[in-house]
1. Could you list, in sequence order, all residues of the stretch 9-64 that are of a type in the set (A, V, I, L, M), under 30 Å from Glu296 (Cβ atoms) and in contact with a Pro (Cβ under 7 Å, 6 or more places away or on another chain)?
2. Testing Lys7 on (1) in a loop (DSSP other than H, G, I, E, B); (2) open to solvent by 60 Å² or more (accessible area, probe 1.4 Å); (3) under 30 Å from Gln378 (Cα atoms), one condition comes back false. Which one is that?
3. Looking only at the stretch 262-273, how many residues end up being open to solvent by 10 Å² or more (accessible area, probe 1.4 Å), touching a residue at least 24 places away in the same chain (Cβ under 8 Å) and farther than 18 Å from Phe359 by Cβ?
4. What pairs come out if I take residues in the stretch 208-230 that are under 25 Å from Gln403 (Cβ atoms) and pair them with residues that are among the acidic types (Asp, Glu) whose C-beta lies under 6 Å away, six or more apart or interchain?
5. Working only within the stretch 381-404, note down all residues that are without any contact (Cβ under 8 Å) to a residue 40 or more places away in the chain and under 12 Å from the mean Cα position of the chain (by Cα).
6. Return yes when Asn213 is within 26 Å of Ser148 (Cβ to Cβ) and touching a helix residue (DSSP H, G or I) at 6+ places or on another chain (Cβ under 9 Å) and no when it is not.
7. When you scan the stretch 236-251, do you find a residue that is farther than 21 Å from Leu398 by Cα, open to solvent by less than 30 Å² (accessible area, probe 1.4 Å) and not aliphatic (A, V, I, L, M), even just one?
8. Just name the residue that is nearest to Glu399 (Cα to Cα) out of those in the stretch 208-235 that are part of a helix (DSSP H, G or I) and of a type in the set (A, V, I, L, M, F, W, C).
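The values are calculated or read from the model by the stated rules, or taken from the named source; none is laboratory data. Here the structure is a predicted model, which means the values were calculated and not measured. So basically every Cβ, Gly included, is an ideal-geometry build from the backbone, and we count neighbours across all protein chains shown. Please note that ligands, DNA and RNA were not included when accessible areas were found on the heavy atoms of the full protein model with its side chains. Shrake-Rupley method; radii C 1.70, N 1.55, O 1.52, S 1.80 Å.
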Amino acid sequence: MQIATAKPIPHIIQQHAEESAILHNIRLLQVVSPHIKLHHLRRIDDRIAAHLDGLAVAGEYGSKICEAALESAGIGEVFVATIRAIEEKDEQWLDRLFALAAAVPEVQPGLISAFGWISAQHLQGIGASLLASSDPFKQQVGLAACVSHRVDAGVVLTSLINHQQPQQLRARALRAAGELGRRDLRFACEQSLTDKDVTCRFWAAWSATLLGNRTSAVEVLKAYSLTINSLQEHALQLVLKVLALTDIHALLKTLAQNASNMRCLIRGAGIAGDPYYVPWLIKQMDEPKFSRLGGESFSFITGLDLAYLDLERDAPEGIELGPNDDPESNNVQMDEDDNLPWPDPTKIQAWWDANKSSFANGERYFMGKLISRDHSMQILKEGFQRQRIAANQHLCLLESGTQLFPVSAPAWRQQRWLNT
């Protein structure tokens, strides 16, 4: 007897496609958010997976819905379509998606994240073909997939670092050398510290530092951290973890000479980890523009969860730091500190007065303790995403050659890796 196959319900399949795209875009923000832990990420990942399963069960109809959504493609739509193309092993569809991403760079994060999301079993053969491709963008995606799945790109990575053109591919290869802990490529990175391309030069210094260089590469990172540029934040995040405290104080003083660096200065004080900066950070909490960032840096030093310990306050009345509902308003920039608690300076000062004897000026603290491998691993498992990103770098700096842990990978995969 032949078993009847249930027909897909159009509006349900449409909902699966739309919801998975929307949730993916939310997830892109969550993986770098200050209020998201791994178990929070697991919740949204399970929802995305359920919608993707619904599309897979719908078979050809689900794929057609995903393909139709590309007529007004965004990052989420490209993510979903790429997942379907990989799972269906549809090379022609995948080639069209690569062509779309090359023509519309704004959607590239969706395609790249799909290769990080998909299970390794679906990438067998595809990953190697991307790395071996003559298309530089496909090779970049192949490298990103290797990093996301913690797979060494082997001799291909070595050859791509030595390629002179295109610069975007070489920059991605230089970055991957550090992410994958390739100590054998440290010298190759050091050779690129004087590269004419600013992006290649930065990622060469970034990776060389992760791989053990504490001299020339660090000097390059210092130069990036002291000038306003698109890579300044990345430079500060790393260089302030390797410099001696005396050098950190000098760097932060230089930053303070330019008022435009105020946010970098506040963030840098938290990265430095010296309790010497705590009284100054508490003062910044009185200024609405910097209050929440000051609270986050305070937490990076002390390890306090301000919301959990009721050390927060309501937002000041009348303050608008992000977009509003006024259609005539020109303010479309997102609030950089969205989802950070508003610290209560009075309560925090009282806590500090009672507990500052537990912290010694001139020492470096990270989340309430002196920096160590065990503590960094604990934060990687239990901390908020921004804290996990910092712990990740500490682990690599403590032992050069350690791979950066993919903190944006699907939560169930991260949990499996962390439990082995």
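1. Correct list: Leu28 only.
2. The number of the failed condition is (3).
3. Restricting attention to the stretch 262-273, the residues satisfying the condition of being open to solvent by 10 Å² or more (accessible area, probe 1.4 Å) are 262-265, 267, 271.
Filter once more, keeping what is touching a residue at least 24 places away in the same chain (Cβ under 8 Å): 262-264, 267, 271.
Pick out the ones that are also farther than 18 Å from Phe359 by Cβ and you get 262-264, 267.
Within the stretch 262-273, residues that are open to solvent by 10 Å² or more (accessible area, probe 1.4 Å), touching a residue at least 24 places away in the same chain (Cβ under 8 Å) and farther than 18 Å from Phe359 by Cβ number 4.
4. Correct list of pairs: Ala208/Glu190.
5. Taking the stretch 381-404 and keeping what is without any contact (Cβ under 8 Å) to a residue 40 or more places away in the chain, we get 391-392, 395, 398-399.
Selection gives Asn392 alone.
6. Values: within 26 Å of Ser148 (Cβ to Cβ): yes; touching a helix residue (DSSP H, G or I) at 6+ places or on another chain (Cβ under 9 Å): yes.
Criteria met by Asn213.
7. Of the residues in the stretch 236-251, the ones farther than 21 Å from Leu398 by Cα are 249-251.
From the residues that got through so far, the ones that are open to solvent by less than 30 Å² (accessible area, probe 1.4 Å) too are 251.
Then keep just the ones that are not aliphatic (A, V, I, L, M); that gives none.
Within the stretch 236-251 (the criterion being farther than 21 Å from Leu398 by Cα, open to solvent by less than 30 Å² (accessible area, probe 1.4 Å) and not aliphatic (A, V, I, L, M)), the answer is no, since none of the residues qualifies.
8. The initial filter retains those residues of the stretch 208-235 that are part of a helix (DSSP H, G or I), namely 208-210, 216-225, 232-235.
Restricting the remaining residues to those that are of a type in the set (A, V, I, L, M, F, W, C) gives 208, 210, 217-218, 220-221, 223, 235.
Values: Ala208: 13, Leu210: 9, Ala217: 17, Val218: 17, Val220: 21, Leu221: 19, Ala223: 25, Ala235: 19 Å.
So, considering only residues that are part of a helix (DSSP H, G or I) and of a type in the set (A, V, I, L, M, F, W, C), the one nearest to Glu399 (Cα to Cα) is Leu210.
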